[in-house]
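Inspection log for the structure reproduced underneath, given as structure tokens.
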Amino acid sequence: MSTTEKTATAGRRQASTPDTFLIRTSGSGTGGPRQSFWAKIVSAFAMFRNRKSIAGLAILGFFVLVAIFADVLAPFSPTKIDNSARLQPPSAAHWLGTTHIGEDVLSQVIHGTRGVIVVGFLAALIATVIAITIGVIAGYLSGWKSEALSALTNVFLVIPGLPLIIIVAAMFEDPPLVLIAAVLGITGWAWGARVLRAQTMSLRNRDFVQAARANGEPLRRIITVEMLPNLMALIAASFVGTVTAAILGLTTLSYIGVIPVTTYNWGTILNWASAQGAFGQNQWWWYLPPGLCIAAIGVALSLINFGIDEYVNPRLRSAGERARAMKKKGLNVNDAVTAVRTTEVAGPATENKK
């Protein structure tokens with residue numbers, strides 16, 4: 001064989017031999033899976049980065065701080081009686097006026113914030129934990145186990161929460177806030193579990209879950225590492241909705257007198273104001289502040305929920321991004337016709353018109 005033929009044969013062999021590359025994946029090395037897990041957690045909380053969520057969190061954070069430092073912020077004790085200042089309108093001594101026996105309304109509103117925040121968050125925590133446990137497991141499993149958990153969820157969906165709370169509260173002379181929050185949480189987890197079950201059934205057939213199952217990963221790790229970061233938006237929305245329902249439930253029960261008036265919250269203040277005829281006598285400083293507080297915390301939770309919806313729904317997210325981009329360019333979002341920038345073009349047509 002000649003030298004030319006040997007060179008051609010060697011070239012064909014090199015051309016037919018595929019090139020090999022060393023590819024380092026993100027999970028290789030020490031700490032790779034840990035970093036990917038925390039990256040999922042960070043990306044899951046991106047729902048709180050829009051303006052609606054930030055505004056809602058700011059208002060909610062204000063009420064949380066008031067509840068924590070209620071003893072420091074309140075100028076008087078909520079039960080302190082001033083016989084010389086009964087049914088007084090707002091003044092320098094009492095910023096929000098006084099009640100029919102001379103109690104400071106501002107102090108009662110500040111101390112009532114603690115009960116509202118404690119019951120709302122504790123009930124939401126209990127309901128969210130139960131919803132995650134039952135909803136995710138029911139969505140991941142199949143067969144009679146999934147159907148049994150789904151049937152349990154349906155049972156709690158039809159259980160009337162308000163009559164149950166009234167019965168439980170009637171069994172105690174002075175029911176503690178923890179008991180009230182537990183009843184509200186136990187009766188309020190079913191809707192969140194239904195939503196999480198449906199989303200988990202969609203996730204269990206995804207490629208990353210199937211790969212983890214094929215690698216022999218335990219069920220605990222598949223749920224906590226692979227699924228929960230992808231469910232954080234729904235979990236957060238369920239938590240916020242349960243907080244709203246628990247706060248409204250607490251204030252409603254306090255207003256109608258089911259919860260003893262010795263437990264201070266905004267509903268208790270409204271109960272006393274209604275019993276003493278403050279609504280009919282135009283004593284607005286007694287009932288308006290707690291009512292505004294209920295409305296403000298409801299607005300805060302609604303803004304957080306709207307921000308989560310905008311993050312979860314791609315259509316709402318793209319619409320929000322488009323609106324912000326139009327505002328930066330100085331365009332009005334509400335205009336029916338979008339303004340178009342035109343430039344003067346000089347050409348033969350202009351000359352012909354002349």
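The values are calculated or read from the model by the stated rules, or taken from the named source; none is laboratory data. What you are looking at is a predicted structure, and each value in this text was computed from that prediction instead of being measured. No Cβ is skipped: glycine too gets one built from the backbone with ideal geometry, and neighbour counts run over all protein chains shown. SASA here: full protein model, heavy atoms, side chains in, ligands and nucleic acids out. Shrake-Rupley method; radii C 1.70, N 1.55, O 1.52, S 1.80 Å.
Prolate is the label for the stretch 233-288, because a/c, from the alpha-carbon gyration tensor with a ≥ b ≥ c as root eigenvalues, is 1.5 or above and a/b exceeds b/c. Rounded if a/c is under 1.5, else prolate if a/b beats b/c, else oblate: with a ≥ b ≥ c from the C-alpha gyration tensor eigenvalues square-rooted, which is the stretch 139-212? Prolate.
Modelled spin-label separation between residue 282 and residue 205, with each label point placed 7 Å from Cα along the Cα-to-Cβ direction: 6.6 nm. Residues 272, 266, 144, sorted by accessible area with the largest first, give 144, 272, 266 [1.4 Å probe; ligands and nucleic acids excluded].
Per-residue extension of 0.36 nm, minus the Cα-Cα distance of residue 179 and residue 157, leaves a gain of 5.9 nm for this segment.
Each peptide in 244-257, 206-219 receives the mean, over its residues, of other Cβ atoms within 10 Å, and ordering these scores from highest gives 244-257, 206-219.
Rounded, prolate or oblate: which fits the stretch 74-195, taking a ≥ b ≥ c as square roots of the Cα gyration tensor eigenvalues, rounded meaning a/c under 1.5, else prolate when a/b beats b/c? Because a/c hits 1.5 or more and a/b exceeds b/c, the stretch 74-195 counts as prolate.
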